[in-house]
Amino acid sequence: MLRKFGRSLLGLIYPNRCPVCGEFIPADGEFCKRCTDELTPFTDEFKPIGADGFTAAFEYNDKIKPAVMLLKDGICGNAAFALGKALARRLTETGLAENSDLLIPVPLHKRDKRRRGYNQSELIAKIIGMELGLPMRSNILVKQKLTDSQKTLSAAERRVNLSGAFSVTDTSALCGKIVILIDDVCTTGSTMAELTSLLKRCGAAQVRCASCCKTMKQGEKHDRSQ
């Protein structure tokens, strides 16, 4: 209630906009109606190696891309709120939120975080934590090594690129815990698989993975207008 009131007050100064098309929307709104109708929910079967479940709010396509790019370009706007609320609902619908203990965002290297001004996965995880009543810890996982962009790498190259890139700072916080690992976009699941393995080696009982968007392989893209 207080958060909604706070957003309403903020909206008097900075009117809320749809993170896809920029149309003005209510202070507690996520997307405008037109964009909401055009977004494609993620419904496919997928799970990163070693994970105890996976879900995503949307398929990654040109419809949702503007909201994702707001986050990646360091602008954010209403994108983290809209994507975080959508993913929180999806976690509840799929049962992955049930009995979970902790939310952990996929970390950025400190140089990348400084350049962008924030870690977009952390902003999303904060919204999810408020929606689900779960604690969010952004200081348990750290990215200690700069890595090459994953976009053009093969699956094998991605694994090599990520090897030794992350570490855990507090194993006691993970002992016996059911963790939900949060990211903005999941492509092949290589990053989530690497982090899942690390978190389990450091004591997590389960690692459930979730991203706001999941890219689809060629031939798997759906068009709801057909």
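Every read-out reported here was derived from the displayed coordinates using simple, explicitly stated rules and does not represent laboratory data. Just so it is clear, the model here is predicted, and its values are computed rather than measured. All Cβ positions, even for glycine, are placed from backbone atoms using ideal geometry, and neighbour counts span all protein chains on display.
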* Structure fact -> Within the set Ala173, Ala125, Ala97, GNM on the chain using Cα springs under 10 Å gives the largest fluctuation to Ala173
* Report the longest stretch of the chain that contains none of the trypsin sites (Lys or Arg not before Pro) sitting in a DSSP loop with at most 13 other Cβ atoms within 10 Å. => 1-144
* Identify which of Pro15, Pro48, Pro66 has the largest mean-square fluctuation in a Gaussian network model of the chain, with springs joining Cα atoms closer than 10 Å. => Pro15
* Structure fact -> Expected vector for region 189-196, Karplus 3J(HN,Hα) from phi with 6.51, -1.76, 1.60 and θ = phi - 60°, integer Hz, x for Gly and Pro, equals x, 4, 5, 5, 5, 4, 6, 4
* Structure fact -> Fraction of alpha-carbon pairs in the chain farther than 33 Å apart, rounded to whole percent, equals 14 percent
* Asked: So what's the net charge close to Cys18: Lys and Arg +1, Asp and Glu -1, counting the other residues with Cβ under 10 Å from its Cβ?
  -> +1
* Globularity index of region 131-187, i.e. its alpha-carbon radius of gyration over 2.2 N^0.38 Å -> 1.37
* Structure fact -> Working note, region 94-195: Cα radius of gyration (Å, one decimal) and Dmax (Å, whole number) are 13.9, 38
* Starting at the first residue of region 23-30, write each ³J(HN,Hα) from the Karplus equation 6.51 cos²θ - 1.76 cosθ + 1.60 with θ = phi - 60°, in whole Hz, x for Gly and Pro. => 5, 5, 9, x, 4, 9, x, 9
